[in-house]
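What follows is a set of notes on a single structure, which appears directly below.
The values are calculated or read from the model by the stated rules, or taken from the named source; none is laboratory data. Since the model is a prediction, treat every value here as computed from it, not as a measurement. Cβ placement follows ideal geometry from the backbone for every residue including glycine, while neighbour counts extend to all protein chains displayed.
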Amino acid sequence: MPRFFRVFFVSLAVAVAFLAGIYFGGHYYRLSLFIDALPQTVQNFFFPGNNTLQLEREIENILEEGFYQPVDSSTLENGALKGMVSSVNDPYTTYFNPDDFRMFNEHSSGQFTGIGVLMEQKDGQLRVVQVFDSSPAQEAGIQAGDVIAAVDGQAVAGKSQEETSALLRGPSGSTVTLTVQRGAQQLDFTMTRREIDLPIVTDSMIQRNGKNIGYIRLEQFATDSGVKVKASLDKLVGQGAQGIILDLRNNGGGLLSESVTVGSAFIQNGPIVSVVGRDGQTETFEAQGNANETVPLVVLVNGNTASASEIVAGAIKDDARGKLIGEKTFGKGVVQNIVPLSNGGGLKFTSGSYYTPSGTDINKVGIEPDIPVTVDPASTVDQVRERGLAELAP
């Protein structure tokens, strides 16, 4: 055979092998009859059955080619990632696609587009734990404690907190209908989304029985929450505050680091919280040493005081720095890490349990207040805040 033809046929064979490799690499399942005919040792060597990534690609190609309706590959891949994360059966562990992760980071910074609610998963239900002031949700009549049943008619049972949040978000000016369960009632609220700029910390001075009582309301533990709480505290004390009310009601938490900074505004020395990881190792976060420990303090809590809020409340109670007033807290005693992913998304996963300075595990238990207050929902008076004022200015 002339040299030219030998080179041609060799090149053709290489090209065919290359193209076949590409094809069957993406259509692995088409080789199944051939693979099954090979000896088991050969199968195990060349086609390992535990090649999960290859199996995922097989399923993706089968569905793309054979499913009775068109299937988008990105939807399949996103579903596979979410399925992997949901398999650990933890309500606080979730995968964010790139859009959701961007919105999550915006929310943590105190600015986002939506309706203005904070949710928390508990006992298989997704509850509203906080409704932000001057938000579409507040204006529509959504209340803390409402159980979310559907978004735009789509049931949220079985969905994670982040998946439901994604349904609630959308372009500014668009509308969304939220269906909630409130006691025996099921109610629909239609709202127009808009940009939300959260007032993370608000403060005021209240006159009561000849005393000046400073009031600090913390909405969430977002970036710089601790710095802002300390600034409000110093301002109110500088203006003559003789007592401080820290209001953590309906605060669903946020960043662990900010809970330490907020606690350090009131506690000078000692632990704020201890976190135990899967290896059993304990990491203790100490007070930062710049506290005001002289001004009397009460902390207002309720059943929607959760996570980072409970860290602060537990530290203040264990240190005897102040008294907790209100209702038993939510009971979220686990912490999450957030890791950016290579696709622009992110993974939030539970990385440990936390304990109050006295070593108390509050997960699914909550923290009992020092002074319980049973709230009458029909009352127009803020009964918990009034009890706090009475404690500081009898």
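Which one of these is free of Cβ contacts under 8 Å to residues at least 60 places away in the same chain, buried (at least 21 other Cβ atoms within 10 Å of the Cβ) and farther than 15 Å from residue 356 by Cβ: 291, 265? Can you show your working first?
Working: 291 fails: buried (at least 21 other Cβ atoms within 10 Å of the Cβ).
Every option except 265 fails the conditions.
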Q. Which of the following residues is under 26 Å from residue 130 (Cβ atoms) and in the same structural domain as residue 375 (by TED's automatic domain parsing): 211, 230?
A. 230
Q) Under the condition of being of a type in the set (Val, Ile, Thr) and surrounded by 24 or more Cβ atoms within 10 Å (Cβ to Cβ), which residue from region 294-314 is nearest to the chain's Cα centre (by Cα)? A) 305
Q.
Among the residues of region 155-176, are any more than 28 Å from residue 222 (Cβ to Cβ) and not small (Gly, Ala, Ser)?
A. no
**Q.** Cβ pairs under 9 Å, 6+ apart, first in region 159-172 and free of Cβ contacts under 8 Å to residues at least 60 places away in the same chain, second charged (D, E, K, R) and in a loop (DSSP other than H, G, I, E, B)
**A.** 167/152; 167/159; 168/193; 170/193; 171/193; 172/193
Q: Scan region 342-394 residue by residue and report those that are over 30 Å from the mean Cα position of the chain (by Cα) and among the basic types (Lys, Arg).
A: 387
Q: Determine whether residue 249 is buried (at least 22 other Cβ atoms within 10 Å of the Cβ) and among the basic types (Lys, Arg).
A: yes
Q. Mind checking whether some residue in region 315-325 is surrounded by fewer than 17 Cβ atoms within 10 Å (Cβ to Cβ) and farther than 30 Å from residue 128 by Cα?
A. yes
Q) In region 366-375, what residues are part of a loop (DSSP other than H, G, I, E, B) and touching a Lys or Arg at 6+ places or on another chain (Cβ under 8 Å)? A) 366, 367, 368, 369, 370, 373
Q.
What are the pairs with Cβ atoms under 9 angstrom where one residue, in region 77-99, is in contact (Cβ under 8 Å) with a residue 12 or more places away in the chain and closer than 21 Å to residue 254 by Cβ and the other, located anywhere, is in a helix (DSSP H, G or I) and acidic (Asp, Glu)? Sequence gap at least six, or different chains.
A. 94/100; 94/162; 94/163; 95/162; 96/162
Q) Only one of (1) in contact with a Gly (Cβ under 6 Å, 6 or more places away or on another chain); (2) part of a strand (DSSP E or B); (3) surrounded by fewer than 20 Cβ atoms within 10 Å (Cβ to Cβ) is not met by residue 363, so which one is it? A) (2)
(Q) If I go through region 357-370 residue by residue, how many of them are within 13 Å of residue 316 (Cβ to Cβ) and touching a residue at least 60 places away in the same chain (Cβ under 8 Å)? (A) 3
Q) Within region 376-385, can you find the residues that are surrounded by 14 or more Cβ atoms within 10 Å (Cβ to Cβ) and in a loop (DSSP other than H, G, I, E, B)? A) 382
Q: Can you tell me which residue among 229, 237, 275, 262 is part of a strand (DSSP E or B) and at pLDDT 95 or above?
A: 275
Q: Among the candidates 143, 138, single out the residue that is at pLDDT 85 or above and part of a loop (DSSP other than H, G, I, E, B).
A: 143
Q | Residue ranges of helices (runs of 4 or more DSSP H) in region 1-120 with at least 1 members at pLDDT below 75 and among the small types (Gly, Ala, Ser) | A | 3-26, 32-37, 98-108
Q. Can you find even one residue in region 218-227 that is out of contact with any Phe, Trp or Tyr (no Cβ under 6 Å at 6 or more places or on another chain), surrounded by fewer than 16 Cβ atoms within 10 Å (Cβ to Cβ), farther than 16 Å from residue 295 by Cα and without any contact (Cβ under 8 Å) to a residue 24 or more places away in the chain?
A. no
